Amino acid sequence: MPGVSRPAGGPGLPQVRRVVSEIPGPRSRELLARQRGLVPAGVGAALPVFVEAAGGGVIVDVDGNSFIDFGSGIAVTTVGNSARAVAKRAAAQLRRFTHTCFLVNPYESYLDVCEKLNELAPIPGERRTVLVNSGAEAVENAVKIARSATGRPGVVVFDHAFHGRTLLTMSLTAKNTPYKQGFGPFAPEVHRAPMAYPYRWPTGPERCAEEAASALADLLDRQVGADNVAAVLIEPIQGEGGFVVPAPGFLGRVAEICRGRGILLIVDEVQSGIARTGRMFACEHEGVRPDLITTAKGLAGGLPLGAVTGRAELMDAVPAGGLGGTFSGNPVACEAALGVFEEIETHGLVDRAREIGDIMLAFLGGLARRCPAVGDVRGRGAMVAVELVEPAGDRLPDPGLAARVARRCHEDGLLVLTAGSYGNVLRFLPPLSITDALLEEGLSVLAEAVGKETDVAVA
Ligand SMILES: *Cc1c(COP(=O)(O)O)cnc(C)c1O
């Protein structure tokens, strides 16, 4: 807004939902027109309003609309957008130096982040961490480390998996459109097993964990040959695939299957990690102790930082020069990550994620009982989703309904994201800094949108 002073972001931003224009508003539409001449069409936006400020539980756009944030920049601003400790530490680092390259001159904050991750990661024995720039880069490096440590080439991944957009990680990703279409040929030595997806398991949720585990063992032993497999790579709660929480016991069975065959278990916690699910790492809910863990999204409050944390003897298998990169473990991003850990500790955010989950699951469970189009409600902590289906009872995915509900929420001042292999999942990832009042208001906006789009009285 020309002539109007720009609001400061952070936790001091008024925590209100306010819609003052069409969505997107006139100023955002101007900027979108500008974007079309500057940025390729392949870069899309879930809610194309241009942001002016954000903090606590809201995002304020250039037209003065204030949205309740159920997206956290895709599980990134878990501690809030420009949380105090993050902003303070990053700003102080900007005044000291912006970069030296850790491969040229190291600095201490890199070590502090690694020490924190090594201490927190539920990995057996001594641990090491390497820092990178993104989730995809973390997954790529985890695979490099696993191959180097085992001398084996193969990687086994799962249906509905998402691991990134680079050549290797899109090869590991399940969904073709939009992630893979036209981008082949893909990286070799990637094998896919069925995911223990309780809601869609053909013989029902009770048999899901055991049958999916058998299918994995069969793939390893009879199709690929366990000796050819470096690692099994799994998201402990799938992200882009639709917040699929594996059937109870499945992750433990996967860990056992790997252990018995000299295969490493890599848990991709890029979306689910760093307090998001009510534990520091989502695999802790199932008591699983992997060999390697990847993190990124929530790690540095929005500054680009990813990490691989793993058993020391595996991590040390790669010779000097084999890991790292120009920007990897940037000092400003490292300070931001230390700010994230500080925010989590001082505000008890792991417990807060659990509270948010309890509120969301109770509310959405009630919505599902009244509304047959809400086929499944699932998730852990502040990582919760609903799967929308045709009401006839045969669980046919309804991506059109998900898109309409999302659009209606956006127009009513609630940012929600869609997900899922069938595009029929609405996912909710509020920042842990959101107030109960805003969280409940956001859920009411959602229920109203579902009610209006399905002609069911839900209020
Ligand atoms: C987002 C995501 C990635 C990729 O992270 P980028 O930072 O976008 O490269 C990898 N794995 C999972 C589980 C993710 O959710």
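The values are calculated or read from the model by the stated rules, or taken from the named source; none is laboratory data. Predicted model, so just to flag it, every value in this text is computed and none were measured. Heads up, the Cβs are rebuilt from the backbone with ideal geometry, glycines too, and the neighbour counts pull from every protein chain shown. Note: accessible area is taken over every heavy atom of the protein model, side chains too, but ligands, DNA and RNA are not part of it. Shrake-Rupley method; radii C 1.70, N 1.55, O 1.52, S 1.80 Å.
Here are the numbers:
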| item | result |
| --- | --- |
| Residue satisfying all of: in region 273-284; more than 19 Å from Val143 (Cα to Cα) and either touching a Cys at 6+ places or on another chain (Cβ under 6 Å) or part of a loop (DSSP other than H, G, I, E, B) (or both); nearest to the ligand (Cβ to nearest atom) among these | Arg276 |
| Lone qualifier among Ala362, Ala449 - being touching a residue at least 12 places away in the same chain (Cβ under 8 Å), within 26 Å of Val16 (Cα to Cα) and of a type in the set (A, V, I, L, M, F, W, C) | Ala449 |
| Residue in region 29-58 that is surrounded by the most Cβ atoms within 10 Å (Cβ to Cβ), counting only those that are small (Gly, Ala, Ser) and under 19 Å from Leu417 (Cα atoms) | Gly57 |
| Where a residue in region 263-278 is free of Cβ contacts under 8 Å to residues at least 60 places away in the same chain and more than 16 Å from Leu120 (Cα to Cα) and its partner, wherever it lies, is within 11 Å of the ligand (Cβ to nearest atom) and in a loop (DSSP other than H, G, I, E, B), with Cβ under 7 Å and at least six apart | none |
| Hits in region 382-408 - residues which are open to solvent by 10 Å² or more (accessible area, probe 1.4 Å) and part of a loop (DSSP other than H, G, I, E, B) | Glu390, Pro391, Ala392, Gly393, Asp394, Arg395, Leu396, Asp398 |
| Any hit, region 436-450, residues being over 19 Å from Met360 (Cα atoms), over 15 Å from the mean Cα position of the chain (by Cα) and open to solvent by less than 10 Å² (accessible area, probe 1.4 Å) | no |
| Single condition Leu167 does not satisfy, out of (1) open to solvent by 30 Å² or more (accessible area, probe 1.4 Å); (2) in contact (Cβ under 8 Å) with a residue 24 or more places away in the chain; (3) out of contact with any helix residue (DSSP H, G or I) (no Cβ under 6 Å at 6 or more places or on another chain); (4) within 16 Å of the ligand (Cβ to nearest atom) | (2) |
| Exclusive hit being open to solvent by less than 10 Å² (accessible area, probe 1.4 Å), touching a Cys at 6+ places or on another chain (Cβ under 8 Å), at negative phi and not acidic (Asp, Glu), set Val456, Val416 | Val416 |
| Residue check for Pro430: under 22 Å from Phe67 (Cβ atoms) and either in a loop (DSSP other than H, G, I, E, B) or outside the structural domain of Val58 (by TED's automatic domain parsing) (or both) | yes |
| Test: residue in region 409-424 that is assigned to a strand (DSSP E or B) and of a type outside the set (A, V, I, L, M) | yes |
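Yes/no matrix, rows are residues, columns are (1) out of contact with any strand residue (DSSP E or B) (no Cβ under 6 Å at 6 or more places or on another chain); (2) in the same structural domain as Lys144 (by TED's automatic domain parsing):
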residue	(1), (2)
Gly298	yes, yes
Val308	no, yes
Arg311	yes, yes
Gly324	yes, yes
Glu335	yes, yes
Leu338	yes, yes
Ala353	yes, no
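Yes or no, residue by residue, for (1) more than 15 Å from the ligand (Cβ to nearest atom); (2) under 23 Å from Met383 (Cα atoms); (3) part of a helix (DSSP H, G or I):
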residue	(1), (2), (3)
Leu220	yes, no, yes
Ala231	no, no, no
Gly239	no, yes, no
Val254	yes, yes, yes
